[in-house]
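Just below is one structure, and these are the notes that go with it.
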Amino acid sequence: MNGRSSRSLAWDATTAIEALAASDAALWVWSPAEDQMQFTGATKPLGLAPLAPACSAAAFTALTLPQDRALAEKILKPQEEGTEIALRLRMRGSETCLWRGVWLEDGARAAGLVALEAKFAPSDRDRLTGLYHRKAFVARLGEALETSGDWDLVVADLDRLRRLNEALGLERADLVLAALGSRLAAAFAGDAAPARIGEDEFAVFAPAAEGLSVAERLREALEQPLRVAGFDIYPTVSIGAVRAEGGPDAPDPSELLRRAALALDSAKSLGRGGVASYGQALETDSLSRLALESDLRNAFVRGEIEPFFQPIVNLDTGAVAGFEALARWRHPRRGLVAPDEFLRLADEMGLMNQLGLIMMTRAAHQLAEWLKRHPAAGPLFCSVNLSTNELERDGLIEDVRRIRQETGLPPGALKLEVTESDIMRNPDKALQVLTALRKAGASLALDDFGTGFSSLAYLAKLPFDTLKIDRYFVLTMAEDEGSAKIVKSVVNLGRDLSLEVVAEGVENANLARLLLEASCHYGQGFGYAPALPAQEAEVYLDESLSDGAAPIRARSG
(Lines give C-alpha, C1' and ligand atoms only; values in the text may rest on other atoms or scores of the structure.)
Protein backbone atom coordinates (compact mmCIF):
# COMPACT_ATOMS: atom_id res chain seq x y z
CA MET A 1 0.00 0.00 0.00
CA ASN A 2 1.48 3.34 -1.01
CA GLY A 3 1.65 6.39 1.20
CA ARG A 4 -1.15 8.17 -0.59
CA SER A 5 -3.68 5.39 0.04
CA SER A 6 -2.62 5.21 3.67
CA ARG A 7 -3.27 8.93 4.10
CA SER A 8 -6.71 8.57 2.44
CA LEU A 9 -7.74 6.02 5.07
CA ALA A 10 -6.45 7.99 8.03
CA TRP A 11 -8.97 9.15 10.66
CA ASP A 12 -8.62 12.61 12.02
CA ALA A 13 -10.58 13.96 15.03
CA THR A 14 -13.25 15.54 12.84
CA THR A 15 -13.86 12.29 10.99
CA ALA A 16 -14.14 10.37 14.26
CA ILE A 17 -16.68 12.81 15.68
CA GLU A 18 -18.73 12.67 12.46
CA ALA A 19 -18.71 8.86 12.61
CA LEU A 20 -19.91 8.90 16.21
CA ALA A 21 -22.73 11.30 15.37
CA ALA A 22 -23.80 9.22 12.38
CA SER A 23 -24.03 6.11 14.55
CA ASP A 24 -25.98 7.81 17.37
CA ALA A 25 -23.08 7.36 19.77
CA ALA A 26 -20.94 9.68 21.86
CA LEU A 27 -17.69 9.63 23.78
CA TRP A 28 -17.71 10.67 27.43
CA VAL A 29 -14.96 11.55 29.89
CA TRP A 30 -15.58 11.97 33.64
CA SER A 31 -13.09 13.82 35.86
CA PRO A 32 -14.17 13.61 39.54
CA ALA A 33 -11.55 16.11 40.78
CA GLU A 34 -12.86 18.74 38.38
CA ASP A 35 -16.50 17.66 38.77
CA GLN A 36 -16.84 17.65 34.99
CA MET A 37 -18.40 15.23 32.52
CA GLN A 38 -17.48 15.95 28.88
CA PHE A 39 -19.28 14.68 25.78
CA THR A 40 -18.34 14.44 22.09
CA GLY A 41 -20.61 13.02 19.38
CA ALA A 42 -24.36 12.47 18.95
CA THR A 43 -25.56 13.98 22.21
CA LYS A 44 -29.03 15.02 21.00
CA PRO A 45 -30.54 11.58 20.17
CA LEU A 46 -29.03 10.24 23.41
CA GLY A 47 -30.88 12.85 25.49
CA LEU A 48 -27.57 14.47 26.47
CA ALA A 49 -27.89 17.76 24.58
CA PRO A 50 -28.70 19.77 27.76
CA LEU A 51 -25.42 18.52 29.26
CA ALA A 52 -23.09 18.92 26.27
CA PRO A 53 -20.32 19.73 25.88
CA ALA A 54 -19.67 19.52 29.63
CA CYS A 55 -21.63 19.32 32.87
CA SER A 56 -21.32 18.68 36.58
CA ALA A 57 -22.14 15.44 38.41
CA ALA A 58 -25.28 17.04 39.86
CA ALA A 59 -26.54 18.02 36.41
CA PHE A 60 -25.78 14.53 35.08
CA THR A 61 -27.79 12.75 37.79
CA ALA A 62 -30.61 15.30 37.58
CA LEU A 63 -31.15 14.48 33.89
CA THR A 64 -31.29 10.76 34.65
CA LEU A 65 -34.73 9.25 35.29
CA PRO A 66 -35.28 9.06 39.09
CA GLN A 67 -35.41 5.26 39.22
CA ASP A 68 -32.00 5.06 37.47
CA ARG A 69 -30.13 7.66 39.52
CA ALA A 70 -28.52 5.07 41.78
CA LEU A 71 -27.03 3.49 38.65
CA ALA A 72 -25.87 6.87 37.37
CA GLU A 73 -23.96 7.39 40.60
CA LYS A 74 -22.03 4.17 39.89
CA ILE A 75 -20.51 5.88 36.84
CA LEU A 76 -19.49 8.85 38.97
CA LYS A 77 -18.02 6.95 41.92
CA PRO A 78 -14.20 6.69 41.58
CA GLN A 79 -12.87 3.17 41.09
CA GLU A 80 -9.48 1.52 40.73
CA GLU A 81 -7.68 1.87 37.41
CA GLY A 82 -8.89 -0.75 34.94
CA THR A 83 -12.34 -1.14 36.52
CA GLU A 84 -14.87 -1.52 33.72
CA ILE A 85 -18.22 0.28 33.50
CA ALA A 86 -21.24 -1.35 31.82
CA LEU A 87 -24.65 0.12 32.62
CA ARG A 88 -28.04 0.84 31.06
CA LEU A 89 -29.37 4.33 31.80
CA ARG A 90 -32.38 6.31 30.71
CA MET A 91 -32.13 10.06 30.41
CA ARG A 92 -35.15 12.34 30.24
CA GLY A 93 -36.49 12.52 26.68
CA SER A 94 -34.39 9.61 25.41
CA GLU A 95 -34.53 5.88 24.97
CA THR A 96 -32.44 3.49 27.05
CA CYS A 97 -28.70 3.87 26.42
CA LEU A 98 -25.74 1.57 27.00
CA TRP A 99 -22.85 3.18 28.86
CA ARG A 100 -19.51 1.41 28.59
CA GLY A 101 -16.12 2.61 29.78
CA VAL A 102 -13.13 2.10 32.02
CA TRP A 103 -11.37 3.93 34.87
CA LEU A 104 -7.98 5.37 33.91
CA GLU A 105 -4.88 6.93 35.50
CA ASP A 106 -5.14 5.46 38.99
CA GLY A 107 -8.86 6.21 39.09
CA ALA A 108 -8.46 9.90 38.30
CA ARG A 109 -10.63 9.74 35.17
CA ALA A 110 -13.16 7.47 33.51
CA ALA A 111 -13.89 7.42 29.77
CA GLY A 112 -16.07 5.46 27.44
CA LEU A 113 -18.81 5.25 24.85
CA VAL A 114 -22.56 5.78 25.18
CA ALA A 115 -24.98 4.53 22.51
CA LEU A 116 -28.66 3.84 22.01
CA GLU A 117 -29.43 0.32 23.18
CA ALA A 118 -31.82 -0.19 20.25
CA LYS A 119 -28.87 -0.02 17.85
CA PHE A 120 -26.20 -1.79 19.81
CA ALA A 121 -27.93 -4.20 22.18
CA PRO A 122 -27.23 -7.88 21.46
CA SER A 123 -30.06 -9.90 19.97
CA ASP A 124 -30.26 -12.19 23.00
CA ARG A 125 -31.57 -9.40 25.26
CA ASP A 126 -35.04 -8.30 26.25
CA ARG A 127 -35.51 -4.78 24.89
CA LEU A 128 -37.30 -3.42 27.96
CA THR A 129 -35.01 -4.67 30.75
CA GLY A 130 -31.72 -5.48 29.03
CA LEU A 131 -31.79 -8.96 30.63
CA TYR A 132 -31.61 -12.17 28.65
CA HIS A 133 -34.89 -13.07 26.95
CA ARG A 134 -36.41 -16.52 27.43
CA LYS A 135 -34.80 -18.25 24.44
CA ALA A 136 -31.32 -16.97 25.28
CA PHE A 137 -31.83 -17.81 28.96
CA VAL A 138 -32.72 -21.42 28.14
CA ALA A 139 -29.56 -21.66 25.99
CA ARG A 140 -27.38 -20.24 28.77
CA LEU A 141 -29.00 -22.57 31.29
CA GLY A 142 -28.20 -25.55 29.05
CA GLU A 143 -24.56 -24.48 28.82
CA ALA A 144 -24.29 -24.11 32.60
CA LEU A 145 -25.82 -27.51 33.29
CA GLU A 146 -23.00 -29.15 31.33
CA THR A 147 -20.79 -28.31 34.31
CA SER A 148 -20.90 -30.67 37.28
CA GLY A 149 -22.22 -29.34 40.58
CA ASP A 150 -25.48 -28.15 42.09
CA TRP A 151 -27.34 -25.30 40.39
CA ASP A 152 -30.31 -23.29 41.64
CA LEU A 153 -32.92 -22.00 39.21
CA VAL A 154 -35.27 -19.37 40.63
CA VAL A 155 -38.28 -17.85 38.87
CA ALA A 156 -40.05 -14.79 40.31
CA ASP A 157 -43.45 -13.42 39.34
CA LEU A 158 -44.20 -9.74 40.01
CA ASP A 159 -47.39 -9.67 42.08
CA ARG A 160 -50.27 -7.53 40.82
CA LEU A 161 -48.70 -6.38 37.53
CA ARG A 162 -52.22 -6.05 36.13
CA ARG A 163 -53.07 -3.62 38.92
CA LEU A 164 -49.95 -1.59 38.09
CA ASN A 165 -50.90 -1.53 34.40
CA GLU A 166 -54.41 -0.35 35.27
CA ALA A 167 -53.32 2.29 37.76
CA LEU A 168 -50.19 3.68 36.11
CA GLY A 169 -50.75 2.89 32.44
CA LEU A 170 -48.61 0.52 30.37
CA GLU A 171 -45.75 2.97 29.73
CA ARG A 172 -45.25 3.78 33.41
CA ALA A 173 -45.64 0.14 34.42
CA ASP A 174 -42.89 -0.64 31.88
CA LEU A 175 -40.67 1.79 33.79
CA VAL A 176 -41.20 -0.34 36.88
CA LEU A 177 -40.23 -3.51 34.98
CA ALA A 178 -37.17 -1.80 33.50
CA ALA A 179 -36.05 -0.60 36.94
CA LEU A 180 -36.48 -4.10 38.37
CA GLY A 181 -34.44 -5.48 35.47
CA SER A 182 -31.61 -3.07 36.26
CA ARG A 183 -31.67 -4.08 39.92
CA LEU A 184 -31.56 -7.76 39.05
CA ALA A 185 -28.64 -7.25 36.67
CA ALA A 186 -26.72 -5.38 39.38
CA ALA A 187 -27.46 -8.02 42.03
CA PHE A 188 -26.32 -10.94 39.88
CA ALA A 189 -23.45 -9.43 37.93
CA GLY A 190 -20.86 -12.00 36.93
CA ASP A 191 -22.04 -15.23 38.53
CA ALA A 192 -25.47 -15.68 36.97
CA ALA A 193 -27.62 -14.95 33.94
CA PRO A 194 -30.66 -12.94 35.05
CA ALA A 195 -33.49 -12.95 32.52
CA ARG A 196 -37.01 -11.74 31.84
CA ILE A 197 -38.84 -14.86 30.67
CA GLY A 198 -42.42 -13.56 30.61
CA GLU A 199 -44.40 -10.35 30.86
CA ASP A 200 -44.06 -10.25 34.65
CA GLU A 201 -41.60 -13.10 35.26
CA PHE A 202 -37.87 -12.88 36.00
CA ALA A 203 -35.47 -15.80 36.33
CA VAL A 204 -31.94 -16.41 37.61
CA PHE A 205 -29.74 -19.48 37.78
CA ALA A 206 -26.52 -19.65 39.75
CA PRO A 207 -24.32 -22.21 41.47
CA ALA A 208 -25.85 -23.36 44.74
CA ALA A 209 -23.98 -21.79 47.64
CA GLU A 210 -24.09 -21.58 51.41
CA GLY A 211 -25.28 -18.40 53.05
CA LEU A 212 -27.71 -16.12 51.30
CA SER A 213 -29.64 -18.26 48.80
CA VAL A 214 -30.30 -17.31 45.19
CA ALA A 215 -33.99 -16.83 46.03
CA GLU A 216 -33.13 -14.52 48.94
CA ARG A 217 -30.75 -12.46 46.80
CA LEU A 218 -33.42 -12.15 44.12
CA ARG A 219 -36.09 -11.03 46.58
CA GLU A 220 -33.71 -8.55 48.19
CA ALA A 221 -32.98 -7.06 44.76
CA LEU A 222 -36.57 -6.76 43.57
CA GLU A 223 -38.53 -5.87 46.69
CA GLN A 224 -36.97 -2.46 47.31
CA PRO A 225 -39.42 0.48 47.04
CA LEU A 226 -39.22 2.75 44.02
CA ARG A 227 -40.98 5.90 42.87
CA VAL A 228 -42.60 6.16 39.44
CA ALA A 229 -44.73 9.05 38.13
CA GLY A 230 -45.24 10.40 41.64
CA PHE A 231 -46.33 7.04 43.09
CA ASP A 232 -44.38 5.06 45.68
CA ILE A 233 -44.32 1.47 44.44
CA TYR A 234 -43.57 -1.41 46.81
CA PRO A 235 -42.96 -4.45 44.59
CA THR A 236 -43.56 -7.96 45.92
CA VAL A 237 -42.71 -11.17 44.12
CA SER A 238 -43.81 -14.78 44.38
CA ILE A 239 -40.88 -17.17 43.97
CA GLY A 240 -40.53 -20.73 42.69
CA ALA A 241 -37.19 -22.52 43.04
CA VAL A 242 -35.69 -25.80 41.84
CA ARG A 243 -32.26 -27.34 42.35
CA ALA A 244 -30.56 -29.50 39.72
CA GLU A 245 -27.27 -31.35 39.45
CA GLY A 246 -25.18 -30.44 36.43
CA GLY A 247 -23.17 -32.87 34.35
CA PRO A 248 -23.98 -35.69 31.92
CA ASP A 249 -27.27 -36.58 33.63
CA ALA A 250 -28.52 -33.01 34.04
CA PRO A 251 -32.19 -32.40 33.21
CA ASP A 252 -33.17 -30.60 30.02
CA PRO A 253 -33.30 -26.80 30.56
CA SER A 254 -36.94 -26.59 29.41
CA GLU A 255 -37.88 -29.35 31.85
CA LEU A 256 -36.12 -27.49 34.64
CA LEU A 257 -38.06 -24.33 33.81
CA ARG A 258 -41.30 -26.34 33.87
CA ARG A 259 -40.49 -27.56 37.37
CA ALA A 260 -39.70 -24.03 38.50
CA ALA A 261 -43.03 -22.88 37.03
CA LEU A 262 -44.86 -25.55 39.07
CA ALA A 263 -43.12 -24.30 42.20
CA LEU A 264 -44.07 -20.73 41.28
CA ASP A 265 -47.74 -21.70 40.89
CA SER A 266 -47.58 -23.26 44.35
CA ALA A 267 -46.00 -20.09 45.77
CA LYS A 268 -48.69 -17.88 44.22
CA SER A 269 -51.40 -20.01 45.83
CA LEU A 270 -49.96 -18.95 49.21
CA GLY A 271 -50.75 -15.29 48.50
CA ARG A 272 -48.55 -12.30 47.73
CA GLY A 273 -44.86 -12.82 48.38
CA GLY A 274 -45.09 -16.62 48.62
CA VAL A 275 -42.13 -18.91 48.01
CA ALA A 276 -42.06 -22.63 47.19
CA SER A 277 -39.53 -25.24 46.08
CA TYR A 278 -40.12 -27.97 43.55
CA GLY A 279 -40.98 -31.45 44.80
CA GLN A 280 -42.70 -34.53 43.39
CA ALA A 281 -45.90 -33.61 45.22
CA LEU A 282 -46.26 -30.66 42.86
CA GLU A 283 -46.56 -33.01 39.89
CA THR A 284 -49.66 -34.53 41.48
CA ASP A 285 -50.98 -31.05 42.24
CA SER A 286 -50.45 -30.09 38.60
CA LEU A 287 -52.53 -33.03 37.41
CA SER A 288 -55.21 -32.05 39.93
CA ARG A 289 -55.22 -28.52 38.51
CA LEU A 290 -55.80 -29.85 35.00
CA ALA A 291 -58.74 -31.87 36.30
CA LEU A 292 -60.08 -28.81 38.13
CA GLU A 293 -59.89 -26.71 34.95
CA SER A 294 -61.93 -29.33 33.10
CA ASP A 295 -64.45 -29.50 35.95
CA LEU A 296 -64.79 -25.71 36.03
CA ARG A 297 -65.68 -25.53 32.34
CA ASN A 298 -68.33 -28.17 32.90
CA ALA A 299 -69.58 -26.38 36.03
CA PHE A 300 -70.85 -23.51 33.89
CA VAL A 301 -72.82 -25.95 31.75
CA ARG A 302 -74.17 -27.99 34.68
CA GLY A 303 -75.26 -24.94 36.69
CA GLU A 304 -72.92 -25.63 39.61
CA ILE A 305 -72.01 -21.93 39.96
CA GLU A 306 -74.54 -20.22 42.21
CA PRO A 307 -74.86 -16.93 44.09
CA PHE A 308 -74.59 -16.79 47.87
CA PHE A 309 -76.04 -13.65 49.48
CA GLN A 310 -74.45 -11.53 52.23
CA PRO A 311 -76.89 -9.15 53.98
CA ILE A 312 -76.39 -5.37 53.81
CA VAL A 313 -78.04 -3.66 56.78
CA ASN A 314 -79.37 -0.14 57.31
CA LEU A 315 -77.33 1.01 60.31
CA ASP A 316 -79.97 3.49 61.44
CA THR A 317 -82.99 1.15 61.45
CA GLY A 318 -81.34 -2.27 61.66
CA ALA A 319 -83.41 -3.46 58.69
CA VAL A 320 -81.97 -5.60 55.89
CA ALA A 321 -81.65 -3.20 52.94
CA GLY A 322 -80.25 -5.63 50.40
CA PHE A 323 -77.65 -8.28 49.66
CA GLU A 324 -74.37 -8.69 47.84
CA ALA A 325 -74.31 -11.75 45.56
CA LEU A 326 -71.02 -13.67 45.74
CA ALA A 327 -70.11 -16.57 43.44
CA ARG A 328 -69.82 -20.07 44.92
CA TRP A 329 -69.06 -23.38 43.22
CA ARG A 330 -70.74 -26.55 44.45
CA HIS A 331 -68.43 -29.24 43.09
CA PRO A 332 -70.21 -32.63 42.80
CA ARG A 333 -67.38 -34.43 44.66
CA ARG A 334 -65.37 -31.75 46.46
CA GLY A 335 -68.31 -29.79 47.81
CA LEU A 336 -67.87 -26.02 48.02
CA VAL A 337 -64.62 -24.98 46.32
CA ALA A 338 -62.89 -22.02 47.98
CA PRO A 339 -63.77 -18.81 46.09
CA ASP A 340 -60.14 -17.65 45.84
CA GLU A 341 -59.22 -20.95 44.22
CA PHE A 342 -61.81 -21.11 41.48
CA LEU A 343 -62.13 -17.35 40.84
CA ARG A 344 -58.41 -17.11 40.15
CA LEU A 345 -58.69 -20.15 37.88
CA ALA A 346 -61.70 -18.69 36.05
CA ASP A 347 -59.75 -15.48 35.47
CA GLU A 348 -56.76 -17.37 34.06
CA MET A 349 -59.08 -19.37 31.79
CA GLY A 350 -60.86 -16.28 30.45
CA LEU A 351 -64.22 -17.23 31.98
CA MET A 352 -64.92 -14.14 34.09
CA ASN A 353 -67.31 -12.53 31.61
CA GLN A 354 -69.33 -15.73 31.48
CA LEU A 355 -69.27 -15.97 35.27
CA GLY A 356 -70.43 -12.37 35.61
CA LEU A 357 -73.42 -12.91 33.34
CA ILE A 358 -74.46 -16.03 35.27
CA MET A 359 -74.23 -14.19 38.58
CA MET A 360 -76.13 -11.15 37.34
CA THR A 361 -78.91 -13.32 35.88
CA ARG A 362 -79.38 -15.64 38.85
CA ALA A 363 -79.10 -12.90 41.47
CA ALA A 364 -81.68 -10.74 39.67
CA HIS A 365 -84.19 -13.60 39.41
CA GLN A 366 -83.70 -14.46 43.10
CA LEU A 367 -84.20 -10.83 44.15
CA ALA A 368 -87.39 -10.62 42.08
CA GLU A 369 -88.79 -13.65 43.93
CA TRP A 370 -87.97 -12.14 47.34
CA LEU A 371 -89.60 -8.82 46.44
CA LYS A 372 -92.81 -10.68 45.57
CA ARG A 373 -92.80 -12.89 48.69
CA HIS A 374 -91.67 -10.23 51.19
CA PRO A 375 -93.35 -6.89 50.35
CA ALA A 376 -92.81 -5.75 53.95
CA ALA A 377 -89.05 -5.73 53.35
CA GLY A 378 -89.39 -2.63 51.19
CA PRO A 379 -87.23 -1.79 48.17
CA LEU A 380 -84.50 -4.42 48.52
CA PHE A 381 -81.48 -4.25 46.22
CA CYS A 382 -78.87 -6.83 45.23
CA SER A 383 -75.25 -5.98 44.36
CA VAL A 384 -73.28 -7.96 41.78
CA ASN A 385 -69.57 -7.46 41.12
CA LEU A 386 -68.43 -6.73 37.59
CA SER A 387 -65.06 -8.35 36.83
CA THR A 388 -62.10 -6.38 35.52
CA ASN A 389 -62.94 -6.68 31.82
CA GLU A 390 -66.73 -6.72 31.99
CA LEU A 391 -67.06 -2.96 31.64
CA GLU A 392 -65.62 -3.39 28.14
CA ARG A 393 -67.70 -6.46 27.24
CA ASP A 394 -69.91 -6.15 24.19
CA GLY A 395 -73.54 -6.72 25.10
CA LEU A 396 -73.29 -5.73 28.78
CA ILE A 397 -75.86 -2.93 28.48
CA GLU A 398 -78.24 -5.13 26.47
CA ASP A 399 -77.93 -7.93 29.05
CA VAL A 400 -78.87 -5.56 31.88
CA ARG A 401 -81.95 -4.36 29.95
CA ARG A 402 -82.95 -7.94 29.12
CA ILE A 403 -82.54 -9.21 32.70
CA ARG A 404 -84.59 -6.33 34.10
CA GLN A 405 -87.30 -6.98 31.55
CA GLU A 406 -87.34 -10.72 32.36
CA THR A 407 -87.49 -10.18 36.13
CA GLY A 408 -89.52 -6.97 36.34
CA LEU A 409 -87.04 -5.47 38.81
CA PRO A 410 -87.64 -1.78 39.55
CA PRO A 411 -84.94 0.75 38.57
CA GLY A 412 -81.94 0.59 40.91
CA ALA A 413 -82.76 -2.80 42.46
CA LEU A 414 -79.92 -4.43 40.52
CA LYS A 415 -76.72 -2.74 41.73
CA LEU A 416 -73.46 -3.28 39.84
CA GLU A 417 -70.16 -2.89 41.70
CA VAL A 418 -66.88 -1.87 40.07
CA THR A 419 -63.49 -1.07 41.60
CA GLU A 420 -61.40 2.08 41.31
CA SER A 421 -58.76 0.29 39.23
CA ASP A 422 -61.43 -0.83 36.74
CA ILE A 423 -62.47 2.78 36.25
CA MET A 424 -58.94 4.16 35.98
CA ARG A 425 -57.99 1.84 33.11
CA ASN A 426 -59.97 4.12 30.79
CA PRO A 427 -61.96 6.78 32.69
CA ASP A 428 -63.58 8.31 29.60
CA LYS A 429 -64.79 4.94 28.32
CA ALA A 430 -65.95 3.99 31.82
CA LEU A 431 -68.02 7.17 31.99
CA GLN A 432 -69.84 6.22 28.78
CA VAL A 433 -70.53 2.65 29.91
CA LEU A 434 -71.61 3.57 33.44
CA THR A 435 -73.94 6.27 32.13
CA ALA A 436 -75.52 3.74 29.77
CA LEU A 437 -75.92 1.24 32.65
CA ARG A 438 -77.75 3.85 34.72
CA LYS A 439 -80.07 4.54 31.79
CA ALA A 440 -80.66 0.78 31.51
CA GLY A 441 -81.97 0.79 35.11
CA ALA A 442 -78.98 -0.43 37.12
CA SER A 443 -77.63 1.40 40.16
CA LEU A 444 -73.85 1.66 40.55
CA ALA A 445 -71.45 1.19 43.46
CA LEU A 446 -67.75 2.04 43.63
CA ASP A 447 -66.17 -0.83 45.55
CA ASP A 448 -63.05 -0.76 47.80
CA PHE A 449 -63.07 3.03 47.84
CA GLY A 450 -59.87 4.49 49.27
CA THR A 451 -57.50 1.77 48.03
CA GLY A 452 -57.02 3.08 44.48
CA PHE A 453 -54.96 5.83 42.93
CA SER A 454 -56.95 8.61 41.32
CA SER A 455 -60.65 8.31 42.10
CA LEU A 456 -61.35 11.81 43.43
CA ALA A 457 -60.64 13.47 40.10
CA TYR A 458 -63.42 11.48 38.44
CA LEU A 459 -65.83 10.66 41.26
CA ALA A 460 -67.96 13.77 40.83
CA LYS A 461 -68.34 13.11 37.09
CA LEU A 462 -69.14 9.40 37.26
CA PRO A 463 -72.79 8.33 37.81
CA PHE A 464 -72.33 6.34 41.02
CA ASP A 465 -74.99 6.28 43.71
CA THR A 466 -73.03 4.24 46.29
CA LEU A 467 -69.53 4.18 47.79
CA LYS A 468 -68.24 1.06 49.54
CA ILE A 469 -65.52 1.58 52.15
CA ASP A 470 -62.81 -1.07 52.05
CA ARG A 471 -63.11 -3.54 54.93
CA TYR A 472 -59.55 -2.90 56.17
CA PHE A 473 -60.37 0.64 57.28
CA VAL A 474 -63.56 -0.53 59.00
CA LEU A 475 -61.92 -3.47 60.80
CA THR A 476 -59.17 -1.23 62.21
CA MET A 477 -61.11 1.96 62.90
CA ALA A 478 -61.67 1.17 66.60
CA GLU A 479 -57.90 0.97 67.30
CA ASP A 480 -56.37 3.02 64.48
CA GLU A 481 -57.06 6.75 64.48
CA GLY A 482 -55.96 7.01 60.86
CA SER A 483 -58.48 4.40 59.73
CA ALA A 484 -61.22 6.10 61.72
CA LYS A 485 -60.47 9.42 60.02
CA ILE A 486 -60.52 7.79 56.59
CA VAL A 487 -63.91 6.21 57.30
CA LYS A 488 -65.37 9.52 58.47
CA SER A 489 -63.89 11.35 55.49
CA VAL A 490 -65.39 8.88 53.01
CA VAL A 491 -68.79 9.10 54.71
CA ASN A 492 -68.68 12.90 54.59
CA LEU A 493 -67.55 12.85 50.98
CA GLY A 494 -70.41 10.51 50.10
CA ARG A 495 -72.96 12.76 51.75
CA ASP A 496 -71.54 15.86 50.03
CA LEU A 497 -71.92 14.12 46.67
CA SER A 498 -75.38 12.69 47.55
CA LEU A 499 -74.02 9.11 47.55
CA GLU A 500 -75.01 6.32 49.92
CA VAL A 501 -72.11 4.72 51.79
CA VAL A 502 -71.73 1.02 52.61
CA ALA A 503 -69.06 -0.06 55.12
CA GLU A 504 -67.67 -3.55 54.60
CA GLY A 505 -66.03 -5.51 57.41
CA VAL A 506 -68.61 -4.88 60.15
CA GLU A 507 -67.56 -7.68 62.53
CA ASN A 508 -69.37 -6.67 65.70
CA ALA A 509 -71.87 -4.31 67.34
CA ASN A 510 -69.15 -1.87 68.43
CA LEU A 511 -68.05 -1.27 64.85
CA ALA A 512 -71.69 -0.85 63.80
CA ARG A 513 -72.10 1.77 66.56
CA LEU A 514 -68.98 3.67 65.47
CA LEU A 515 -70.17 3.68 61.87
CA LEU A 516 -73.61 4.92 62.89
CA GLU A 517 -71.98 7.72 64.90
CA ALA A 518 -70.08 8.64 61.74
CA SER A 519 -73.46 8.82 59.90
CA CYS A 520 -72.65 5.87 57.61
CA HIS A 521 -75.75 4.52 55.86
CA TYR A 522 -75.18 0.76 55.59
CA GLY A 523 -73.05 -1.99 57.10
CA GLN A 524 -72.00 -5.37 55.76
CA GLY A 525 -69.87 -8.07 57.34
CA PHE A 526 -69.63 -11.26 59.36
CA GLY A 527 -71.01 -9.49 62.42
CA TYR A 528 -74.37 -9.72 60.67
CA ALA A 529 -73.88 -12.86 58.56
CA PRO A 530 -71.50 -14.43 56.04
CA ALA A 531 -72.60 -15.01 52.46
CA LEU A 532 -75.51 -17.46 52.69
CA PRO A 533 -77.16 -19.84 50.22
CA ALA A 534 -80.38 -18.37 48.80
CA GLN A 535 -82.66 -20.38 51.08
CA GLU A 536 -80.74 -19.44 54.24
CA ALA A 537 -80.55 -15.79 53.14
CA GLU A 538 -84.33 -15.74 52.80
CA VAL A 539 -84.69 -17.21 56.29
CA TYR A 540 -82.36 -14.48 57.61
CA LEU A 541 -84.48 -11.84 55.87
CA ASP A 542 -87.72 -13.29 57.22
CA GLU A 543 -86.40 -13.50 60.80
CA SER A 544 -85.06 -9.93 60.60
CA LEU A 545 -88.50 -8.74 59.53
CA SER A 546 -90.09 -10.64 62.41
CA ASP A 547 -87.60 -9.35 65.01
CA GLY A 548 -87.61 -5.80 63.66
CA ALA A 549 -83.83 -5.69 63.10
CA ALA A 550 -81.00 -7.83 61.77
CA PRO A 551 -79.08 -9.59 64.58
CA ILE A 552 -75.43 -8.62 65.08
CA ARG A 553 -72.70 -10.21 67.17
CA ALA A 554 -71.61 -8.33 70.25
CA ARG A 555 -67.91 -9.12 69.67
CA SER A 556 -65.67 -10.42 66.92
CA GLY A 557 -64.42 -13.98 66.95
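The values are calculated or read from the model by the stated rules, or taken from the named source; none is laboratory data. Note that the structure is a prediction, hence the values are computed from the model and not measured. Every residue, glycine as well, gets a Cβ built from its backbone with ideal geometry; the counts of neighbours run over all protein chains shown. We work out accessible area using only protein heavy atoms, side chains counted, and drop any ligands, DNA or RNA first. Shrake-Rupley method; radii C 1.70, N 1.55, O 1.52, S 1.80 Å.
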Selected residue (criterion: nearest to the chain's Cα centre (by Cα)) from residues of the range 31-70 that are among the hydrophobic types (A, V, I, L, M, F, W, C) and within 16 Å of Trp103 (Cβ to Cβ):
Ala57
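Just checking: which of the strands (runs of 3 or more DSSP E) contained wholly in the range 241-341 hold 2 or more residues that are in contact (Cβ under 8 Å) with a residue 24 or more places away in the chain and either more than 30 Å from the chain's Cα centre (by Cα) or more than 23 Å from Ala215 (Cβ to Cβ) (or both)?
Values: elements: 275-277, 305-314, 320-331, 335-337.
Qualifying strands (runs of 3 or more DSSP E): 305-314, 320-331.
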For the range 473-523, the count of residues that are of a type in the set (Ser, Thr, Tyr), open to solvent by 30 Å² or more (accessible area, probe 1.4 Å) and over 16 Å from Asp316 (Cα atoms) equals 3
State whether the residues of the range 388-405 include one that is crowded, with 20+ Cβ neighbours inside 10 Å, in a helix (DSSP H, G or I) and in contact (Cβ under 8 Å) with a residue 60 or more places away in the chain.
no
Restricting to the range 56-84, name every residue that is closer than 14 Å to Ser182 by Cβ, in contact (Cβ under 8 Å) with a residue 12 or more places away in the chain and aliphatic (A, V, I, L, M).
Leu65, Leu71, Ala72, Ile75
State whether the residues of the range 369-386 include one that is under 22 Å from the mean Cα position of the chain (by Cα), closer than 24 Å to Trp329 by Cβ and open to solvent by less than 40 Å² (accessible area, probe 1.4 Å).
yes
Hey, any hits in the range 75-84 for a residue that's in contact with a helix residue (DSSP H, G or I) (Cβ under 9 Å, 6 or more places away or on another chain), at pLDDT below 80, polar (S, T, N, Q) and open to solvent by less than 60 Å² (accessible area, probe 1.4 Å)?
no
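Is it the case that Glu348 is within 15 Å of Gln535 (Cα to Cα), free of Cβ contacts under 8 Å to residues at least 24 places away in the same chain and either surrounded by fewer than 20 Cβ atoms within 10 Å (Cβ to Cβ) or β-branched (Val, Ile, Thr) (or both)? So that I can check it myself, show each step before the final result.
On the way: within 15 Å of Gln535 (Cα to Cα): no; free of Cβ contacts under 8 Å to residues at least 24 places away in the same chain: yes; either surrounded by fewer than 20 Cβ atoms within 10 Å (Cβ to Cβ) or β-branched (Val, Ile, Thr) (or both): yes.
The answer is no for Glu348.
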Residue ranges of helices (runs of 4 or more DSSP H) in the range 89-169 with at least 2 members under 24 Å from the mean Cα position of the chain (by Cα) and over 23 Å from Arg243 (Cβ atoms):
161-168
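Restricting attention to helices (runs of 4 or more DSSP H) lying wholly within the range 442-557, give those where 3 or more residues are within 23 Å of Gln366 (Cα to Cα). Break it down stepwise before answering.
Working: elements: 456-459, 471-476, 481-496, 509-517, 534-547.
It comes to 534-547.
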Within the group Ala178, Ala110, Ala173, Ala115, which residue is in contact (Cβ under 8 Å) with a residue 12 or more places away in the chain and closer than 21 Å to Ala215 by Cα?
Ala178
